[in-house]
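Novice: Have a look at this one.
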């Protein structure tokens, strides 16, 4: 159980580089229980003192879905059948992205008191936030399942691809979480900027409108939005019950890997400076 | 020295303080454009070299701002040095801030797990030590209550119990136990002495000369971020006291 390690600033050879990442895996092993503890803590604290507790994770998307259905179903009725299911697929996925990255964004700054005093691998904080949110997200999927049963949607075997999309989305969110939590340490106003980014992404993810109403010349906006691809892929297998589109799946895999790798690199490059900004 | 437990080589720690605090984007870009982001650089530690062998009890002395706490934080891995390297071959229990990892909303019981996990321990390990920790902390039924309801003494007791019960190789201590009542202080001093007898390595930052003479077998004297001298307490302490009088 070695906490300490060699840290050197300059002249890193390739070999060192690999050794460093190997050591990371070692420390991750030592601190895996901390990750579990932080996730448990987040879950325990989230609904502490509320009477309905975890039920809020179900009621929240349900009411949101009801309201949006009331508002939009009349507008899009002809083009989307079973609007509630269409809507909630996008809504749940986007909610997870939005709440998990928002929570992890503040995680480093929020753990400042600890980080300033004790050595802990810092990436654990954003990661724990995303994973604990992922657990709430999985619970909220009950709403989707319930809704599909009530509306007697056809469910095909293709639904088995859904977990793959959820996993990719989780990886994507961890990457983004690492990036935004780093930026916020240096620039606190990024928090406000980010909420604008998330809003823009929400409106361009085709959550409550059909994809084909977007004019050709604007469709690049959707394609530019990573969340659009995840939602689109998830809907293909769950809502439409069709086989995965290889193009979409590859895009999602690529997005999540790029997100995770850039997240790790950005975080790792800056983490030693965090302490000077807290 | 063959295979030191802590090896500090050529360590310098530079702090870069922006003269104005820039923490929003607009200001940052405005100032980048105007090229007015100015930093005041200062070295908190400069070319510090020393090795600590297993079982050494080191006291770090020096006046305020000499870099003692920075040194401890570097050893603890909280900060990384600007230059040089620090190698630590063992597990560390920082007694710098007792109960720094506590979550006020969780019970003392849950916080034992959280805090020990922060020190890198596994669940099974903590399960094993749990009863000992609770016994030493001696907070009674409060162990099932949220830590936000604890008195500062209780927090310190629980924090100390966890940090010492995780069986570290190295203890980092900043200002030995200034909290808690007389009984607890005595109890924890006893425990510390026991740990020293068992051959734990101790790095102690203090202003109290008596503690240096009682506990340390080597003294590192820091002055303005540089090592002024390293040696036996009997040799260093009188010169240090002389030096402090002259200032």
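Novice: Output the residue which, of all residues in the stretch A:176-201 that are in contact with a helix residue (DSSP H, G or I) (Cβ under 6 Å, 6 or more places away or on another chain) and closer than 16 Å to residue A:229 by Cα, is surrounded by the most Cβ atoms within 10 Å (Cβ to Cβ).
Specialist: This residue is A:176.
Novice: Here is a further query. Looking at (1) more than 14 Å from chain A (Cβ to nearest Cβ); (2) over 16 Å from the mean Cα position of the chain (by Cα); (3) surrounded by 20 or more Cβ atoms within 10 Å (Cβ to Cβ), which is the one condition that is false for residue B:60?
Specialist: (2)
Novice: Hey, could you check the stretch B:170-198 for residues that are in contact with a strand residue (DSSP E or B) (Cβ under 9 Å, 6 or more places away or on another chain) and crowded, with 21+ Cβ neighbours inside 10 Å and say which is farthest from residue B:55 (Cα to Cα)?
Specialist: B:173
Novice: Which residue out of B:220, B:230 is within 19 Å of residue B:73 (Cα to Cα) and outside any helix (DSSP H, G or I)?
Specialist: Numbers: B:230 fails: within 19 Å of residue B:73 (Cα to Cα).
Answer to the check: B:220.
Novice: Looking only at the stretch B:37-96, count how many residues are assigned to a loop (DSSP other than H, G, I, E, B), touching a strand residue (DSSP E or B) at 6+ places or on another chain (Cβ under 6 Å) and without any contact (Cβ under 8 Å) to a residue 24 or more places away in the chain.
Specialist: Residues flagged as assigned to a loop (DSSP other than H, G, I, E, B), touching a strand residue (DSSP E or B) at 6+ places or on another chain (Cβ under 6 Å) and without any contact (Cβ under 8 Å) to a residue 24 or more places away in the chain within the stretch B:37-96 amount to 0.
Novice: Residue by residue through the stretch B:80-105, note down the ones that are at the interface with chain A (Cβ under 7 Å from one of its Cβ atoms), under 30 Å from residue B:149 (Cα atoms) and surrounded by fewer than 22 Cβ atoms within 10 Å (Cβ to Cβ).
Specialist: B:96, B:97, B:100, B:103, B:105
Novice: Also, quick follow-up: Could you grab me the full set of residues in the stretch B:218-247 that are surrounded by fewer than 13 Cβ atoms within 10 Å (Cβ to Cβ) and within 23 Å of residue B:171 (Cα to Cα)?
Specialist: Across the stretch B:218-247, the qualifying residues are B:232, B:234.
Novice: Do we have any residue at all in the stretch A:174-185 that's part of a loop (DSSP other than H, G, I, E, B) and either out of contact with any strand residue (DSSP E or B) (no Cβ under 8 Å at 6 or more places or on another chain) or at pLDDT 95 or above (or both)?
Specialist: Taking every residue of the stretch A:174-185 in turn, none turns out to be part of a loop (DSSP other than H, G, I, E, B) and either out of contact with any strand residue (DSSP E or B) (no Cβ under 8 Å at 6 or more places or on another chain) or at pLDDT 95 or above (or both).
Novice: Separate question: For the stretch B:116-127, what are the residues that are more than 8 Å from chain A (Cβ to nearest Cβ) and either surrounded by fewer than 18 Cβ atoms within 10 Å (Cβ to Cβ) or out of contact with any helix residue (DSSP H, G or I) (no Cβ under 6 Å at 6 or more places or on another chain) (or both)?
Specialist: B:124, B:125, B:127
Novice: Related question: Of the residues A:210, A:163, only one is free of Cβ contacts under 8 Å to residues at least 24 places away in the same chain and surrounded by fewer than 18 Cβ atoms within 10 Å (Cβ to Cβ); which? Show your work before the answer.
Specialist: Working: A:210 fails: free of Cβ contacts under 8 Å to residues at least 24 places away in the same chain.
Step by step, each of A:210, A:163 is checked, and only A:163 is free of Cβ contacts under 8 Å to residues at least 24 places away in the same chain and surrounded by fewer than 18 Cβ atoms within 10 Å (Cβ to Cβ).
Novice: Take residue B:201 and decide whether it is in contact (Cβ under 8 Å) with a residue 24 or more places away in the chain and surrounded by fewer than 20 Cβ atoms within 10 Å (Cβ to Cβ).
Specialist: Judged against the criteria, residue B:201 is not a match.
Novice: Out of the stretch B:204-217, which residues are in a helix (DSSP H, G or I) and surrounded by 13 or more Cβ atoms within 10 Å (Cβ to Cβ)?
Specialist: Passing the criteria: B:209, B:211, B:212, B:213, B:214, B:215.
Novice: Sticking with this structure for a sec: Can residue B:113 be described as within 11 Å of chain A (Cβ to nearest Cβ), assigned to a helix (DSSP H, G or I), surrounded by fewer than 22 Cβ atoms within 10 Å (Cβ to Cβ) and touching a helix residue (DSSP H, G or I) at 6+ places or on another chain (Cβ under 9 Å)?
Specialist: no
Novice: So, one more: Please go through the stretch A:92-150 and give me each residue that is outside any helix (DSSP H, G or I) and away from every other protein chain (no Cβ under 11 Å), ordered by number.
Specialist: Those that are outside any helix (DSSP H, G or I) and away from every other protein chain (no Cβ under 11 Å): A:106, A:123.
The values are calculated or read from the model by the stated rules, or taken from the named source; none is laboratory data. Everything quoted here is computed from the prediction, not taken from an experiment. Virtual Cβ from ideal backbone geometry, glycine too; neighbours counted across all protein chains shown.
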